[in-house]
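Scroll down for the structure; my scribbles are underneath it.
The values are calculated or read from the model by the stated rules, or taken from the named source; none is laboratory data. Keep in mind it's a predicted model, so treat the numbers as computed, not measured. Virtual Cβ from ideal backbone geometry, glycine too; neighbours counted across all protein chains shown.
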Amino acid sequence: MARSPTKASQEGFVRSVTLVREQVASFDKYPFSIPAIRNLHTLELHPKVTFLVGDNGAGKSTLLEAIAVAAGFNAEGGSKNFRFTTRSSESELHAALRLGRNARRERDGFFLRAESYFNVATYIENLDREPGRGPSVGPAYGGRSLHEQSHGESFLALAVNRLHGNGLYLFDEPEAALSPSRQLSLLKVMDTLVRTQRSQLIVATHSPILMSYPDARIYALDADGIAPIEYEETEHYQITKTFLADRSRYFKHLFSDEE
């Protein structure tokens, strides 16, 4: 008889993110001046999937990067063992964050971000070229150079082959590399990681496809701060739905000569 999952196995690895406000020198200085960051106190994370959504400049990638660095990941992406800097640009936010940890600890982890994915792929290839290095790391990423595939193919190959489960995974705008059909493929990868491999995901995204994942928590970051929101109430869902239902109405306003 299969055993029922224990309470510990159903918990995420990080239950909350707290901004230690007394460690912030000034809320008038970036990134603390961003409304979503300035109004951040404690963010309760879903044990399975948490989405950070919002317009460009709302702070979702800035917050996700800070969570990743606070959790021990390289700022440009990769696993906790990756240590490289192409151009140091991370904010000071991570130093003022405190992660509320559960007793269960992750056995795997990866920070996957579209913005610096090329740098991560290059780092992986360079590891294989180091003299005296042991077995090739390539097979762990699908056995084919990530640079010899399209951006979307290599991005998905990494997700399928490298993310082993029982891990903490952070994705920053993964849809930037993926067609709609590949976004559906990534949803399948996410579901496998969460439902059968006991992982926890934190995802910053604009994609209404990705953020539709069932039983997830969505936080909207905007000029008023950061707050939970239902999927159907997100701007991403509403604009996409109304545009597809009647795109001519949008064209009438978008292409009008009137101001």
Among the residues listed as A157, A176, the single one being within 30 Å of T18 (Cα to Cα) and modelled with pLDDT under 95: A176
Top-ranked residue of the stretch 208-238 - restricted to ones that are among the aliphatic types (A, V, I, L, M) and under 17 Å from the mean Cα position of the chain (by Cα), ranked as surrounded by the most Cβ atoms within 10 Å (Cβ to Cβ): L221
Qualifying positions in the stretch 188-240 - over 30 Å from F32 (Cβ atoms), touching a helix residue (DSSP H, G or I) at 6+ places or on another chain (Cβ under 8 Å) and of a type in the set (D, E, K, R): R198, E232
Some residue of the stretch 165-181 being out of contact with any Cys (no Cβ under 9 Å at 6 or more places or on another chain), of a type in the set (D, E, K, R), farther than 28 Å from S154 by Cβ and in the same structural domain as E76 (by TED's automatic domain parsing): no
Condition met for S212 (over 19 Å from A58 (Cα atoms), without any contact (Cβ under 8 Å) to a residue 40 or more places away in the chain, small (G, A, S) and in the same structural domain as L40 (by TED's automatic domain parsing)): yes
Pairs where the first residue, in the stretch 37-57, is within 22 Å of R21 (Cβ to Cβ) and modelled with pLDDT of 95 or more and the second is of a type in the set (F, W, Y) and surrounded by fewer than 18 Cβ atoms within 10 Å (Cβ to Cβ), C-beta under 7 Å, 6+ apart: R38/F27
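Got a sec? Which of Y237, Y219 is aromatic (F, W, Y), closer than 25 Å to E106 by Cα and at pLDDT 95 or above?
From the options Y237, Y219, the qualifying one is Y219.
Could you list, in sequence order, the residues of the stretch 174-207 that are in a loop (DSSP other than H, G, I, E, B) and surrounded by fewer than 20 Cβ atoms within 10 Å (Cβ to Cβ)?
If the condition is that a residue be in a loop (DSSP other than H, G, I, E, B) and surrounded by fewer than 20 Cβ atoms within 10 Å (Cβ to Cβ), then S179, Q197, H206 are the ones that fit.
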Residue that is modelled with the highest pLDDT, among those in the stretch 80-100 that are surrounded by 16 or more Cβ atoms within 10 Å (Cβ to Cβ) and not hydrophobic (A, V, I, L, M, F, W, C): H94
Filter result (touching a helix residue (DSSP H, G or I) at 6+ places or on another chain (Cβ under 7 Å), assigned to a strand (DSSP E or B) and closer than 17 Å to K80 by Cα) within the stretch 93-111: L99, F110, F111
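Conditions tested, residue by residue: (1) in the same structural domain as R38 (by TED's automatic domain parsing); (2) touching a Phe, Trp or Tyr at 6+ places or on another chain (Cβ under 6 Å).
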site: P208; (1), (2): yes, yes
site: Y219; (1), (2): yes, no
site: D222; (1), (2): yes, no
site: Q238; (1), (2): no, no
site: F243; (1), (2): no, yes
site: D246; (1), (2): no, no
site: F251; (1), (2): no, no
site: D257; (1), (2): no, no
Which listed residue is touching a helix residue (DSSP H, G or I) at 6+ places or on another chain (Cβ under 9 Å), over 30 Å from E11 (Cβ atoms) and among the polar types (S, T, N, Q), from S179, S185, S256: S179
